[in-house]
1. Within the range B:100-131, which residues are in contact with an Asp or Glu (Cβ under 8 Å, 6 or more places away or on another chain), among the aliphatic types (A, V, I, L, M) and facing another protein chain (nearest Cβ under 8 Å)?
2. Would you pick out the residues in the range B:195-211 that are assigned to a loop (DSSP other than H, G, I, E, B) and either charged (D, E, K, R) or closer than 12 Å to B:Gly170 by Cβ (or both)?
3. Looking at A:Leu130, A:Leu167, A:Leu172 in this structure, which one is under 18 Å from the mean Cα position of the chain (by Cα), under 30 Å from B:Leu54 (Cβ atoms), more than 14 Å from chain B (Cβ to nearest Cβ) and in contact (Cβ under 8 Å) with a residue 12 or more places away in the chain?
4. Given the residues B:Ala166, B:Ala181, which is the only one that is within 14 Å of chain A (Cβ to nearest Cβ), under 20 Å from the mean Cα position of the chain (by Cα) and either assigned to a strand (DSSP E or B) or buried (at least 18 other Cβ atoms within 10 Å of the Cβ) (or both)?
5. Is it true that B:Ala92 is modelled with pLDDT of 95 or more, under 28 Å from A:Asp104 (Cβ atoms) and touching a Phe, Trp or Tyr at 6+ places or on another chain (Cβ under 9 Å)?
6. Can you pull out every residue in the range A:142-164 that is over 18 Å from the mean Cα position of the chain (by Cα) and more than 11 Å from chain B (Cβ to nearest Cβ)?
7. Which residues, counting only those in the range B:32-72, are within 12 Å of another protein chain (Cβ to nearest Cβ) and either closer than 14 Å to B:Gly16 by Cβ or among the hydroxyl-bearing types (Ser, Thr, Tyr) (or both)?
8. Within the range B:136-152, is even one residue touching a Ser or Thr at 6+ places or on another chain (Cβ under 6 Å) and either more than 9 Å from chain A (Cβ to nearest Cβ) or at negative phi (or both)?
Amino acid sequence: MAEVLPREVLICTIARLLDGVRHVAVGASSPIPAAGAMLLRAMKEAEGAVGPRISILGSVEHNFFTNGSAELFDCAGQGRIDAFFLGGGQIDGFGNVNLVGAGDYPRSSVRWPGSFGSAYLYFVVPRVILFREEHTPRVFVEKVDFISAPGVSPDGVFRSGGPIALLTGKGLFRFDKTRPGFELESVHPGHDLAEIKEATGFRFAHDAEPRQTALPDRTTLDLLRGRVFDDLAETYPEFAGQMRRELGTVDA
Amino acid sequence: MVLSEPRAMAKHIEPGMRVALPVDYAGVSMAMTRPIIEHGAGNLDLVCVPTGGLQVDQLVGAGLVRTVETSAVSLGEAGGAPRFNAAVKEGAVRLKDATCPAIHAGLMAAQKGSPFMPLRGLIGTDLLRHRDDWRVVDNPLADGGDPIVLIPAIKPDVTIFHVPMADRFGNVWIGRRRELAAMAYASRTVLVTVERIVDENLLADEMSAAGVLPALYVTAVARAPKGAWPYGLWGEYPADSGEIARYAKAARTADGFSAYMGQAQMESA
């Protein structure tokens with residue numbers, strides 16, 4: 001079996017985290033989450049089941065909304081979107097996300113684009129997956145400089161959604177909203193607990209010897225490298241091309 | 001409705017006005033950017049519906065902007081918005097950071113003539129903490145508790161966007177970009193640039209009528225072929241990512257921005 005690329009591990013992990021969703025929304029600049037959703041759809045369809053509906057935001061071709069850019073949020077408010085992805089310039093140990101900037105607001109020393117829909121979607125989408133490939137202490141901080149969207153809300157505040165997991169280039173964490181905090185669930189191949197501790201600015205729960213993130217089986221990998229990368233190329237041609245070039249190197 | 005041209009339309013903008021502009025992919029009237037800058041009315045309060053990009057960055061870079069109300073400003077794949085980010089760092093623009101559905105909610109309130117619209121989410125965010133115009137009340141229909149945020153109506157003085165076509169009666173084809181209608185309903189003045197002006201009445205056919213913003217809401221229309229460039233226009237042409245990247249690079253410095261904006265070629269070749 002050909003070597004599994006790190007990004008293939010991420011894509012397959014996302015497909016697992018999404019299992020059971022009916023409708024997932026992904027950003028137009030998020031090829032890895034989109035690939036995970038497309039892989040889950042392909043796996044379901046291969047079993048003769050119905051795969052999830054995938055909304056790619058900002059895409060003209062894969063946009064089935066007819067009520068402008070407000071419709072996604074209305075759709076989420078109605079409970080029709082089960083899963084969504086959030087990144088963030090900073091994410092802290094309480095699941096707070098900062099998409100606005102580092103330093104003192106409003107004159108941020110580094111300004112990021114802004115909160116987009118996070119301050120709403122984090123509250124109303126049941127399965128939000130925090131996804132950030134870069135796993136460094138500047139991203140995973142003890143406390144964010146600005147809360148675009150809070151990880152948890154006090155009792156009495158309407159909250160039907162929130163984070164369930166944090167996936168990075170080094171590992172997968174589960175979010176426990178009762179503590180609140182993250183627990184390391186698994187470590188990706190090629191990384192270890194000491195390295196993850198070093199790269200994480202917040203404290204997290206973990207086993208003494210955390211297990212390795214599950215690798216895809218041959219069938220899943222074939223589906224990913226075939227049909228899914230074909231589907232992906234329609235919306236994310238550069239990413240699909242790059243993955244195929246890397247696979248060419250692996251196979252050779 | 002008045003059939004106009006971009007330079008004449010820019011004269012509707014007066015200093016201190018609140019100006020609503022659409023998201024990158026909905027139909028940005030880049031053809032109006034240069035005329036607005038030449039016209040020079042400053043102290044503008046921009047409302048990005050719900051996010052901003054190139055046009056916002058250029059108006060900020062030209063020094064015409066007092067406030068930016070937005071859910072985000074970026075150049076997409078070309079990275080951060082350089083003049084906006086510099087202005088934020090210098091404290092040269094006042095920020096009203098929002099979240100996408102809050103902008104839509106504010107426009108929806110204005111559309112209905114209501115003072116506000118309630119919106120879930122937001123509680124516990126620093127967005128809410130920094131917005132003294134947003135209010136939290138307990139849901140009056142619940143048995144107690146259940147705090148919810150009220151977003152005041154957003155009533156822009158001017159809305160500006162670009163779409164494929166208008167008819168000679170001033171009806172404007174917005175297709176399924178319904179946020180353009182929401183902006184128009186909420187605004188006193190609506191300035192529209194179009195790829196082409198057609199002879200037949202767009203309201204005469206039910207198929208096209210469903211995607212029409214009626215002339216009732218439209219102040220002036222001007223023909224501006226490739227008027228969204230270097231952004232793309234739905235159903236017409238894709239974005240020119242090379243040009244957007246060229247701008248992103250040039251505008252890293254104030255001098256580079258001035259040089260870019262000073263170039264004669266500001267339209268698609």
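1. Listed by number, the list holds a single entry, B:Leu127.
2. B:Asp199, B:Glu200, B:Asn201, B:Leu202, B:Leu203, B:Asp205
3. On inspection, the qualifying residue turns out to be A:Leu130.
4. So the residue among B:Ala166, B:Ala181 that is within 14 Å of chain A (Cβ to nearest Cβ), under 20 Å from the mean Cα position of the chain (by Cα) and either assigned to a strand (DSSP E or B) or buried (at least 18 other Cβ atoms within 10 Å of the Cβ) (or both) is B:Ala181.
5. Considered against the rule, which asks whether it is modelled with pLDDT of 95 or more, under 28 Å from A:Asp104 (Cβ atoms) and touching a Phe, Trp or Tyr at 6+ places or on another chain (Cβ under 9 Å), B:Ala92 comes out as no.
6. A:Glu142, A:Lys143 - these are the residues of the range A:142-164 that are over 18 Å from the mean Cα position of the chain (by Cα) and more than 11 Å from chain B (Cβ to nearest Cβ).
7. If the condition is that a residue be within 12 Å of another protein chain (Cβ to nearest Cβ) and either closer than 14 Å to B:Gly16 by Cβ or among the hydroxyl-bearing types (Ser, Thr, Tyr) (or both), then B:Thr51, B:Thr67, B:Thr70, B:Ser71 are the ones that fit.
8. No, because not a single residue in the range B:136-152 is touching a Ser or Thr at 6+ places or on another chain (Cβ under 6 Å) and either more than 9 Å from chain A (Cβ to nearest Cβ) or at negative phi (or both).
The values are calculated or read from the model by the stated rules, or taken from the named source; none is laboratory data. Every value quoted in this text rests on a predicted model; they were computed, and no experiment measured them. For neighbour counting, all protein chains shown are included, and Cβ atoms are generated from backbone atoms with ideal geometry for every residue, glycine included.
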